[in-house]
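Read the structure below first, then the notes.
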């Protein structure tokens, strides 16, 4: 019997997918068991705190002698285990959330986040979004919790969207947005920012949050024979709706909301399918007066949020001249493990 090549290749891909799925579940299970082990070790260490630091040093030496191939029983790691167990006294929470996250990410959160409520939020967000270590560090250092959870947001989502979607839209919104991959200059135009965002769309999507799919910039719409262009158009898979983003280099003005309201009406008529939720608009401005923005959105019929954004400001020329050049740094870097000589 001859093998159908297309069917064969599809079968191979299906088997590969099953293998990857099994490998992922195995890795998750191994990580879970490892973290529970670390938690139990940390609990034992904390029980014998009165023995002092020598206890941890002796324990590390004896464990490394017994398990020479393992790197997990260093003095540093044992101290993290003790801190780990001390930080999360709730065993159920450790099993259900904390132990689902890789040890490296747990250490980052232990080191960088001191507020218990904030720490739990980063743990749950890390679990939900599968952040790598680098992404997690970026989110913490950009103060994502404060921008997405604790900030006072300006929108009319509560009055223009049904309860489940309005809550999710508000949660996804940030204030301010941090575009630290865009370089600042005094004559920066809206189109320049837009080009820079699109040029590094991966970082843009990371900053916007989960569920955003980029559909285009200067997205063309024809309304009544006239041409209109949306700065940025996305579709959010969580909200199940289109999201229109308009960029402004100056302070928020009430007329911006009216124009975006028009764009949202056009997208709802031209692009929105029957199963899609109402299109959401987001105005990103260099600055805003919350009271003025609130009044501007009060009687707007479409769901709109207004946020500020921040971009990287380059060092003034005087400071740049004082910094060593690449050549200077290379001369000062010794050849031994990258240590500065």
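Values quoted throughout were computed directly from the atomic coordinates according to the rules given, and no laboratory measurement underlies them. The shown structure was predicted, so the numbers you read here are calculated from the model rather than taken from an experiment. Cβ coordinates were reconstructed from backbone atoms using ideal geometry, including for glycine residues, and neighbour counts include every protein chain displayed.
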If R0 = 35 Å, then residue 48 and residue 128, at their Cβ-Cβ distance, give a FRET efficiency to the nearest 0.05 of 0.45
If I build a Gaussian network model for the chain, linking alpha-carbon pairs within less than 10 angstrom, which residue out of 194, 57, 246 has the largest mean-square fluctuation? 57
Cut-off 10 angstrom, C-alpha nodes, Gaussian network model of the chain. Which of 190, 226, 141 fluctuates the most? 226
Rounded to one decimal in nm, the spacing of the 7 Å Cα→Cβ label points at residue 298 and residue 270 is 3.2
With r defined as the distance between the Cβ atoms of residue 6 and residue 86 and R0 fixed at 56 Å, what FRET efficiency is calculated, to the nearest 0.05? 0.45
Per-residue ellipticity at 222 nm attributable to helices in the chain (runs of n ≥ 4 DSSP H, -39500 (n - 2.57) apiece, nearest 500 deg cm²/dmol) works out to -16500 deg cm²/dmol
Tell me, 76, 133 in order of fewest to most beta-carbon neighbours within 10 Å? 76, 133
Let me have the relative contact order for segment 199-240, percent, based on Cα pairs under 8 Å that are six or more residues apart. 38
Could you check the simple spin-label distance between residue 201 and residue 226, using points 7 Å along Cα→Cβ, in nm with one decimal? 2.9
In degrees, nearest 10, range 0 to 90: what is the angle between the Cα axis of helix 190-199 and the longest Cα principal axis of the chain? 40
When the convex hull of the Cα atoms of segment 10-100 is projected onto a plane and the area is averaged over all directions, what value comes out in nm²? 7.4
Angle between the Cα long axis of helix 75-87 and the longest principal axis of the chain, 0 to 90 degrees, nearest 10? 60
By how many degrees, 0 to 90 and rounded to 10, does the Cα axis of helix 103-112 deviate from the longest principal axis of the chain? 70
Between residue 24 and residue 167, the FRET efficiency computed from the C-beta separation at R0 = 25 Å comes out, to the nearest 0.05, as 0.25
Would you order 70, 151 from fewest to most other beta-carbon atoms within 10 Å of each residue's own beta-carbon? 70, 151
Cα→Cβ-extended label distance, 7 Å offset, between residue 152 and residue 58, nm: 5.7
Neighbour-count ranking for 227, 290 (other C-beta within 10 angstrom, fewest to most) reads 227, 290
Anyone know which of 266, 199, 17 comes out most mobile in the 10 Å Cα GNM of the chain? 17
